[in-house]
Each structure stands twice: as structure tokens, then as C-alpha cells.
Amino acid sequence: MIYAANFKANHTRKSTENYIEALNAKLGAKKAEDKVYIFPPSSALDSYEGDFTVGAQNAYPTQNGAYTGEIALEQLDEFDIKTILIGHSERRELLNENQENIVEKFSFFQEQDFEIIYCIGEPLNIREKGFESVMQYLLAQFEGIDITYAKLTIAYEPIWAIGTGRSATVEEISTTHRALKNVIKDIPLLYGGSAKPANIKEIASIAGVDGVLVGSASLDAENFSTMILS
Ligand code: 13P
């Protein structure tokens with residue numbers, strides 16, 4: 001299983017250090033085959049040591065330059081960061097990233113040989129239209145994306161399950177993951193959306209779920225390690 005923590009705009013440099021110390025104290029007990037990723041905010045990126053990979057939540061697809069408020073490859077290279085989240089629904093919706101911007105970002109970081117966790121997910125009104133609409137919506141988010149890229153992981157995160165406390169049901173996750181796996185084949189597929197200690201076992205046991213991308217429940221190291229060790 002893959003356990004990825006997306007801090008979003010939570011945690012500071014200091015609290016991320018404390019978090020990693022607390023997490024490291026627990027990770028000795030994790031299964032060797034399980035992989036852990038941590039995506040702190042940009043201001044807390046650093047060269048942390050431990051049995052996990054640190055990635056960036058976002059970066060501008062360029063070496064460096066006049067991109068006010070952004071970070072780029074140079075700032076990631078400083079800490080040897082080679083992993084990035086692309087296409088998160090919060091960036092698509094709140095930061096107005098369109099598919100064209102996302103494809104540009106994907107291609108750039110693919111060229112840089114980054115490990116990419118590429119996020120897709122449908123809003124509630126699409127889910128309510130039925131499964132065919134859901135798949136149509138999700139597959140459109142693969143437009144321009146090289147889904148055969150060897151260092152790719154996909155995260156399916158239904159927007160209506162993010163931060164709401166209400167995860168998708170086993171049935172919803174299972175049917176969506178099965179359909180997505182038909183398209184992405186052997187590419188690992190994560191589920192995200194209110195994954196937490198109380199539902200991790202159930203989610204992890206669904207066929208086609210290779211891991212979880214966790215927001216709220218990852219913010220506390222104790223909670224997140226409970227998920228990893230459960
Ligand atoms: P929550 O776990 O808070 O629902 O967030 C999921 C998410 O968006 C992870 O990227």
C-alpha cells in the first residue's frame with residue numbers, strides 16, 4: 001500500500017519537523033513493501049531523513065524565473081525533491097488550473113524524470129448524473145497526459161468526498177477503480193477523500209486500491225501512522 005499525506009496549506013516548517021520526528025518513531029513498524037509520501041507546504045520543504053519520500057504539492061513548470069509567488073525546479077532541486085502532485089481538484093477549482101496548464105506541468109516534470117501523483121476526480125453534480133458521466137468526466141482529465149509514464153501514480157479523489165468527512169462508499173470506490181484500472185492498467189491507483197483511521201482497513205481491502213492520498217487525517221502524525229500501521 002501507498003500512504004500519501006497531503007498537508008495542503010497546513011503545518012509550518014517547525015511543526016513539519018516535529019511531525020516527521022513523531023512519524024519516524026513509528027515507521028520502523030511499517031511493512032517493508034508499504035510506501036509513505038509526505039507533501040508539506042512549499043515553505044516546509046527540506047531534506048528530511050526517514051523511510052518516506054517528500055514531494056511538492058505544486059511547482060511551476062520551469063527551471064526558475066519571473067513567476068511571482070511560485071516555486072520552480074531550482075527550489076525543489078535544493079532539497080533533491082523529485083516527486084510532485086499534479087492536477088489536485090483544489091488547484092483545478094480554486095486556482096483555476098485548466099487541463100492545458102496541467103498538461104504543460106505534467107510534461108515538464110515528466111521530462112525531469114519526476115515521480116508524479118496525478119489527481120483526478122468528479123464534482124457531486126457529475127456523480128449524481130450516474131456512472132457513465134463520472135467516467136466520461138474522469139477520462140477527460142487524462143487528455144494530454146501520458147498514462148504510460150513509468151513514474152506515474154494516479155489518485156482518484158471524488159471532490160464531494162474531500163474534506164467532508166464522508167468518504168465514497170466501498171461500492172463507489174470499487175466500481176470507479178475497476179473502470180479506471182481498465183484504462184491505466186498497471187499504474188498504481190490511490191483513493192483520496194475522507195480516508196481516515198476509521199475507514200482505512202475497509203478502503204485498503206478494495207480490489208484496485210493501491211493506496212490512499214490523505215488530507216485532514218494525515219495532519220496529525222499519530223493519526224497518519226495509525227493508518228499506515230493498521
Ligand atoms: P481529505 O482527506 O481531507 O478529504 O482530503 C483528501 C485530499 O484532497 C488529499 O489530496
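The values are calculated or read from the model by the stated rules, or taken from the named source; none is laboratory data. The shown structure was predicted, so the numbers you read here are calculated from the model rather than taken from an experiment. Heads up, the Cβs are rebuilt from the backbone with ideal geometry, glycines too, and the neighbour counts pull from every protein chain shown.
Any residue that is in a helix (DSSP H, G or I), more than 20 Å from Val212 (Cα to Cα) and over 14 Å from the mean Cα position of the chain (by Cα) - is there at least one of those in region 50-69? Scanning region 50-69, I find no residue that is in a helix (DSSP H, G or I), more than 20 Å from Val212 (Cα to Cα) and over 14 Å from the mean Cα position of the chain (by Cα), so the answer is no.
When you go through Gly87, Gly130 one by one, which is the residue that is of a type in the set (Gly, Ala, Ser) and surrounded by 18 or more Cβ atoms within 10 Å (Cβ to Cβ)? Quick ask: steps written out before the conclusion?
Details: Gly130 fails: surrounded by 18 or more Cβ atoms within 10 Å (Cβ to Cβ).
Only one candidate passes the filter, namely Gly87.
Only residues that are in contact with a Phe, Trp or Tyr (Cβ under 7 Å, 6 or more places away or on another chain), part of a helix (DSSP H, G or I) and away from the ligand (no atom under 12 Å from the Cβ) were counted across region 184-230, and they come to 2. Of all the listed residues (Thr68, Thr62), the sole one being of a type in the set (S, T, N, Q) and in contact with a Phe, Trp or Tyr (Cβ under 8 Å, 6 or more places away or on another chain) is Thr62.
For region 17-43, which positions are buried (at least 20 other Cβ atoms within 10 Å of the Cβ) and closer than 20 Å to Gly163 by Cβ? Hits for region 17-43 are Tyr19, Tyr37, Ile38, Phe39, Pro40.
Only residues that are surrounded by 16 or more Cβ atoms within 10 Å (Cβ to Cβ), out of contact with any strand residue (DSSP E or B) (no Cβ under 7 Å at 6 or more places or on another chain), within 21 Å of Val183 (Cβ to Cβ) and not charged (D, E, K, R) were counted in region 100-127, giving 2.
Going by the conditions given, is Tyr137 hydroxyl-bearing (Ser, Thr, Tyr), more than 21 Å from Gly211 (Cβ to Cβ) and away from the ligand (no atom under 16 Å from the Cβ)?
yes
Does region 74-85 contain at least one residue that is within 28 Å of Ile203 (Cβ to Cβ) and of a type outside the set (A, V, I, L, M)? Yes, because at least one residue in region 74-85 is within 28 Å of Ile203 (Cβ to Cβ) and of a type outside the set (A, V, I, L, M). Condition check for His177 on (1) surrounded by fewer than 20 Cβ atoms within 10 Å (Cβ to Cβ); (2) away from the ligand (no atom under 12 Å from the Cβ): one failure, at (1).
Being crowded, with 16+ Cβ neighbours inside 10 Å, more than 17 Å from the chain's Cα centre (by Cα) and part of a helix (DSSP H, G or I), is that true of even one residue in region 144-166?
Checked region 144-166: no residue is crowded, with 16+ Cβ neighbours inside 10 Å, more than 17 Å from the chain's Cα centre (by Cα) and part of a helix (DSSP H, G or I).
For region 209-228, the set of residues classified as buried (at least 16 other Cβ atoms within 10 Å of the Cβ) and of a type in the set (Asp, Glu) consists of Asp210 only.
Here region 1-54 is the region considered, the condition is being more than 16 Å from the ligand (Cβ to nearest atom) and of a type in the set (S, T, N, Q), and the residue that is farthest from Glu70 (Cα to Cα) is Asn24. For region 100-131, name all the residues that are within 22 Å of Tyr191 (Cβ to Cβ), assigned to a helix (DSSP H, G or I) and not hydrophobic (A, V, I, L, M, F, W, C). Answer for region 100-131, where residues must be within 22 Å of Tyr191 (Cβ to Cβ), assigned to a helix (DSSP H, G or I) and not hydrophobic (A, V, I, L, M, F, W, C): Asn125, Arg127, Glu128, Lys129.
I'd like to know if region 168-186 contains one or more residues that are under 18 Å from the mean Cα position of the chain (by Cα) and at pLDDT below 95. I'd like the intermediate steps shown before the answer.
Narrowing region 168-186 to residues under 18 Å from the mean Cα position of the chain (by Cα): 168, 173, 176-177, 180-181, 184, 186.
So of that shortlist, the ones also at pLDDT below 95 come out as 168.
Yes, there is a match, as at least one residue in region 168-186 is under 18 Å from the mean Cα position of the chain (by Cα) and at pLDDT below 95.
Selection within region 187-208: residues that are touching a residue at least 60 places away in the same chain (Cβ under 8 Å) and crowded, with 23+ Cβ neighbours inside 10 Å. The member of this set that is farthest from the chain's Cα centre (by Cα) is Gly193.
Applying the condition of being of a type in the set (A, V, I, L, M, F, W, C) and within 12 Å of the ligand (Cβ to nearest atom) to region 95-126 and asking which residue is farthest from Gly193 (Cα to Cα) yields Ile117.
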